[in-house]
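Read through the structure below, which is laid out as structure tokens, and then see the notes.
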Amino acid sequence: MNIFLLKTCTKKKPSYAVKSLHTLSICRHFCSHIFKQTPRSKRLDKALRVLDIILPKPRVDTKSQVHLRLIQDFLQTDSNQLVARDFSHDFTLSNSSFGLSNAFDELLESSVVDEENSISMHPDLQREGLKLDASFLSNAVSSCGSARNIRGGTQYQSFAIRSGFIANVYVASSLISMYSKCGEVISAYKIFEEMPVRNVVSWTAIIAAFAQEWQVDMCLELYRMMRNSASEPNDFTFTSILSACTGSGALGQGRSAHCQTIRMGFFSYIQVANALVSMYCKCGSVEEALYVFNNMHDKDIVSWNSMIAGYAQHGLAAQVIDLYEEMEKQRAQPDAITFLGVLSSCRHAGLVEKGKFYFDLMVEHGLKPDLDHYSCIVDLLGRAGLLEEAREFIKNMPIYPNAVIWGSLLSSCRLHGDVWIGIEAAESRLLLEPECAATHVQLANLYASVRCWDQAARLRKLMKDKGLKTNPGCSWIEIKNLVYRFRAEDKSNTRLSEILDALDCLVDHMKTLGYVPEICEAEQQQ
């Protein structure tokens, strides 16, 4: 409506239109900058040229109009934001040493777009050795993606559409990556669909976008479409596909992707091999991960860390320690992630002395422990029943403990029935996360474990009054390349009755073998 008002004003009197610009909050800062820097006769012309860049023209095709409406609606959601200000911010991220507001201001005075859809060279850009071309625009969009600045990215997109650079494969690919990093995979796919020309960069960008959402089926479908096009996949394409398989636990599809890497000669690429190691470990096939790891011609720190993390994930502490020692023999320099994997394995295996040793060794290597490393030690001490030592360890930490660390101590207190330290840990965690449902549940179970039923009931009533609910756990199984997920209390599965019958058979079988189920006392009181 503001833009319509501005156009109406220009038909009546230019000076009135200039005054009305002051009332448009979307252009307030930009207009004030123009009034200070330029003569009065140029104000209206320059303001309209800014709007001309943002607004679509009738000659733009239907698909482009869809994107322009999306951009226009997005910009209108916050009237205090300004196109020129965000442009200036994004340009600073790119590598500019002069303010874009001035350069953009003068750029509007000069010829912006010629008949060849290329932007003319600006004197300030020449002095900086920069050219406002497709490469410049692609880098600017990439900087918005890195900063998760979707507002700046959409503004660059509107400029690319107006100037014709939207048809450039690298500009469009950068927009796809920008939207995917901002969590807008649908917008990324719309741009991909509208691309007149696609290359391996654009195909890989859209596959990576869906891989980030763990949509492995869509990644494989896009890969099939890519193979039917003129573009050939590269190592980054397969890395993205394997990443999707890793996140979704799709072992069968990951094996298929592995076969494709061998068939197309990408198996020897180190980033592909690292992705394979992570995928097999995450999907539960440690033997296959080790086979890939042992057959790598070269290993970097990511290779070692992936295998160590895989062993740690499955509680294979002895293998983790052996691999770390082998790593030192190979003179590979460990980093903070390496020690995090080692400490995690010691925590799961209850290796208290080993855990302390590797924590001290980390400091000797000149590495500064972060909260994750401290959390491992607290959990290690707590699981071993050394609750007082864990409490003192937290107090002596050089950095402030987070909710995860207090949660680890609380879980250990629940395990060993230490009410007073548990209450202290729960209070400390609730100060950091007052609405954490898991903390309320753990504290209620702690009260129940020492038969303080009134306090446990009070906490559960408090949770009910606040509407706090814990997120249910999830498990999955893969059958014939299809992943089936199961959540606690989820009754949406059409074969629920058959699943429950199978579970009853398993429980009966365990009882015949002498297994006695451990039932929480809090559950018995409900």
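Give me the dipole magnitude in Debye, nearest 20, for the stretch 405-483 about the Cα centre, with unit charges on the beta carbon: positive for Lys and Arg, negative for Asp and Glu. If you can, show how the numbers build up before the last one.
Details: 10 positive and 8 negative charges, 68 e Å.
Here the size comes out at about 320 debye.
For a Förster distance of 41 Å, can you work out the FRET efficiency between the beta-carbons of Ala437 and Asp217, rounded to the nearest 0.05? Could you put the intermediate results ahead of the total?
Working: r = 32 Å, r/R0 = 0.79.
So the FRET efficiency works out to roughly 0.80.
Length gain on complete extension for the stretch Asp504 to Leu371, per 0.36 nm per residue less the alpha carbon to alpha carbon distance? Don't skip to the answer; put the middle values down first.
On the way: separation 133, 0.36 × 133 = 47.88 nm, distance 4.21 nm.
That pair, Asp504 and Leu371, stretches by 43.7 nm at full extension.
Leaving out ligands, DNA and RNA, what percent of the accessible area of the stretch 245-309 is carbon and sulfur, probe 1.4 Å? Walk me through the numbers before you get to the answer.
On the way: 1420 of 2660 Å².
On the stretch 245-309, the fraction of accessible area on carbon and sulfur atoms equals 53 percent.
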- Charged-residue dipole, Cβ positions (Lys, Arg, Asp, Glu), the stretch 126-200 about Cα centre, Debye nearest 20: 140
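Can you give the convex hull volume per residue for the Cα atoms of the stretch 214-320, as a whole number of Å³?
On the way: hull volume 9.1 nm³, N = 107.
Considering the Cα atoms of the stretch 214-320, their hull volume per residue is 85 Å³.
Over the stretch 413-526, with every protein chain in place, what whole percent of the accessible area is carbon and sulfur at 1.4 Å, could you tell me?
Working: 4680 of 8540 Å².
Its accessible area is 55 percent carbon and sulfur atoms.
How far, in nm, would the chain grow between Glu287 and Glu193 when pulled straight, counting 0.36 nm per residue and subtracting the alpha carbon separation?
Taking Glu287 through Glu193 to full extension adds about 29.8 nm, to one decimal.
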- Item | Heavy atoms of Arg383 accessible to a 1.4 Å probe, total area in Å² rounded to 10 | 100
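Given a Förster radius of 22 Å and the C-beta distance between Glu184 and Arg227 as r, what FRET efficiency does 1/(1 + (r/R0)^6) yield to the nearest 0.05? Provide the component values of the computation, followed by the final result.
Working: r = 27 Å, r/R0 = 1.21.
After rounding to 0.05, the efficiency reads 0.25.
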- For Arg151, tell me the accessible area in Å² from a 1.4 Å probe, rounded to the nearest 10. 40
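Report the rotationally averaged projected area of the stretch 333-438 based on its alpha-carbon convex hull, in square nanometres. Let's see the in-between values first.
Values: hull surface 25.9 nm².
About 6.5 nm², averaged over all directions.
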- For the stretch 121-269, what is the accessible area per residue in Å² when the probe is 1.4 Å? 40
- Message: Can you work out the Karplus-derived ³J(HN,Hα) for every residue in the stretch 168-180? Use 6.51 cos²θ - 1.76 cosθ + 1.60 with θ = phi - 60°, whole Hz, and x for glycine or proline.
- Response: 6, 5, 7, 5, 5, 5, 5, 5, 4, 5, 4, 5, 5
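With a 1.4 Å probe and all protein chains left in place, how much accessible area per residue does the stretch 342-396 have, in Å²? Each step should come with its number before you reach the end.
Details: 2610 Å² over 55 residues.
Accessible surface, normalised per residue, equals 47 Å².
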- In Hz, Karplus ³J(HN,Hα) per residue of the stretch 154-163 (6.51, -1.76, 1.60; θ = phi - 60°; x = Gly, Pro): 5, 5, 5, 5, 4, 5, 5, 5, 5, 8
- Within 10 Å, count the other beta carbons around each residue, average over each peptide in 231-237, 340-346, and list them highest first. 340-346, 231-237
- Using a 1.4 Å probe on heavy atoms of the protein chains only, the accessible area for Thr512 in Å², nearest 10, reads 110
- By accessible area (1.4 Å), largest first, Trp420, Trp406, Trp453 order as Trp420, Trp453, Trp406
- Item | Cα→Cβ-extended label distance, 7 Å offset, between Lys480 and Ile301, nm | 4.6
- Note on the structure: Sequence order, the stretch 228-236: Karplus ³J(HN,Hα) from phi using 6.51 cos²θ - 1.76 cosθ + 1.60, θ = phi - 60°, Hz rounded, Gly and Pro as x, gives 7, 9, 7, 8, 9, x, 10, 5, 5
- Query: Separation between the Ala147 and Thr512 pseudo-spin-labels, each 7 Å from Cα along Cα→Cβ, expressed in nm?
  - Reply: 6.7
- Query: Using mean Cβ contacts within 10 Å as the protection proxy, how do 178-191, 497-510, 385-398 order, highest first?
  - Reply: 178-191, 385-398, 497-510
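Heavy-atom accessible area per residue, the stretch 414-526, 1.4 Å probe: how many Å²?
76
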- Task: Report, to two decimal places, the Cα Rg of the stretch 396-526 normalised by 2.2 N^0.38 Å (N = number of residues).
- Result: 1.31
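The values are calculated or read from the model by the stated rules, or taken from the named source; none is laboratory data. Model, not experiment: these values are computed from the prediction. A quick note on method: Cβ atoms are made from the backbone with ideal geometry, for glycine too, and the neighbour counts reach across all protein chains shown. In case anyone asks, the SASA skips ligands and DNA or RNA and just uses the protein heavy atoms, side chains included. Shrake-Rupley method; radii C 1.70, N 1.55, O 1.52, S 1.80 Å.
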